[in-house]
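Let me begin by presenting the structure, written as structure tokens, before commenting on it.
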């Protein structure tokens, strides 16, 4: 399994959001660990790399969490690098969750929203998934991130 710790990424996260951690395989529920490992054995469930904003620059989708008031809070971020340092931008949250979601890259293509909306995504997009419960697609279009709940 790929390591979720990414040195400078962890440092940037701690600087911007003290006490937050990147989701790792061990943080997931036991059943979710097995499902993730089967489908994405080489990937970290908390970090995905892709050309999310342009075809020429890489970015990272990052999901992080912290314990809060006896429960969990989670958020989704995009990390862009400049001179080896990451700039973090919140796409979703922080919000209270019962269990942790995972993040992965999905390729350009056609997707169907849960309301029947058809989406044609030109670049890589971010799949933010509560395993076996639902997922949201984040895609960059006309200079900003948009999101759509996907049909199961």
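The values are calculated or read from the model by the stated rules, or taken from the named source; none is laboratory data. Small disclaimer: the values here were computed from a predicted structure and weren't measured. Quick reminder, even Gly has a Cβ in these numbers, built from the backbone with ideal geometry, and neighbours come from all protein chains shown.
Some notes on this structure:
- If you go through region 107-126 and keep only what is part of a strand (DSSP E or B) and in contact (Cβ under 8 Å) with a residue 40 or more places away in the chain, you end up with 125, 126.
- Qualifying residues in region 128-138 (those that are touching a residue at least 60 places away in the same chain (Cβ under 8 Å) and outside any loop (DSSP other than H, G, I, E, B)) - the one surrounded by the most Cβ atoms within 10 Å (Cβ to Cβ): 128
- For region 67-74, the criterion of being crowded, with 17+ Cβ neighbours inside 10 Å, closer than 20 Å to residue 15 by Cβ and without any contact (Cβ under 8 Å) to a residue 40 or more places away in the chain is met by at least one residue.
- Unique match (being over 21 Å from residue 32 (Cα atoms) and either surrounded by fewer than 12 Cβ atoms within 10 Å (Cβ to Cβ) or touching a helix residue (DSSP H, G or I) at 6+ places or on another chain (Cβ under 8 Å) (or both)) among 110, 124: 110
- Among (1) within 16 Å of the chain's Cα centre (by Cα); (2) modelled with pLDDT of 90 or more; (3) under 15 Å from residue 60 (Cβ atoms), the one test that residue 16 misses: (1)
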